[in-house]
Amino acid sequence: MWRTIERVTQQNVDVFIEVNKKSMGKAQGKNTIYLAPKMFVRKMETHPEDRLVVVVMHEYGHILYNRMAVQKTRNKAKHEYAAFKYSVEYALNMAENGDTGPIKQLIKYLLIRVTKGKNSDPHTIALNKLTKEQFWKDTVENYQ
């Protein structure tokens, strides 16, 4: 996880630790990510290090989307789609280089979020779109 955070900070992104009861991370603007302290200070059975790598890369996906957007969009599902897709692509790259932990976490938890998420939630909308794409189906087939 520390290598992932370092990689993000080398891309002109500041990473801060900030209490956030709603989520493990939050991206803001084009240069800032906030991570919840609970990621670092206690063992969490539901959030092993591989899943935390995914959280960091998901938030970085938001940063990249914000940097590429010509104008600010209010469509939160588009933001979430871009962030999820980036985290999957990053995890796939890691898997192709021998570290399958993050992609296995994504396969496990994204499918749970699709089935348990509210239909109107931007995360669920984005994941419904992502999980119907061929590259996702190939990913599940190769790494599940």
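Worth a mention:
- Which listed residue is of a type in the set (Gly, Ala, Ser), closer than 20 Å to residue 17 by Cα and either in contact with a His (Cβ under 8 Å, 6 or more places away or on another chain) or without any contact (Cβ under 8 Å) to a residue 24 or more places away in the chain (or both), from 69, 36: 36
- Pairs, first in contact (Cβ under 8 Å) with a residue 24 or more places away in the chain in segment 12-24, second in a loop (DSSP other than H, G, I, E, B) and surrounded by 12 or more Cβ atoms within 10 Å (Cβ to Cβ), C-beta under 9 Å, six or more apart: 13/30; 13/31; 24/36; 24/47
- The selection criterion, being charged (D, E, K, R), within 30 Å of residue 137 (Cβ to Cβ) and surrounded by fewer than 14 Cβ atoms within 10 Å (Cβ to Cβ), holds for residue 96.
- If you check 48, 37, 122, 102 for being surrounded by fewer than 21 Cβ atoms within 10 Å (Cβ to Cβ) and touching an Asp or Glu at 6+ places or on another chain (Cβ under 7 Å), only one passes: 122.
- Residue check for residue 69: at pLDDT 95 or above and surrounded by fewer than 19 Cβ atoms within 10 Å (Cβ to Cβ): no
- Number of the exception - residue 83 against (1) over 15 Å from the mean Cα position of the chain (by Cα); (2) closer than 26 Å to residue 112 by Cα: (1)
- Pick from segment 16-34, criterion of a type in the set (A, V, I, L, M) and under 15 Å from the mean Cα position of the chain (by Cα), ranking: surrounded by the most Cβ atoms within 10 Å (Cβ to Cβ): 33
- Here residue 102 passes the criteria (1) farther than 21 Å from residue 56 by Cα; (2) in contact (Cβ under 8 Å) with a residue 24 or more places away in the chain; (3) of a type outside the set (Ser, Thr, Tyr) except the one numbered (1).
The values are calculated or read from the model by the stated rules, or taken from the named source; none is laboratory data. As the structure is a prediction and not an experimental result, all values here were calculated from the model. Positions of Cβ are backbone-derived with ideal geometry, glycine not excepted, and every protein chain shown enters the neighbour counts.
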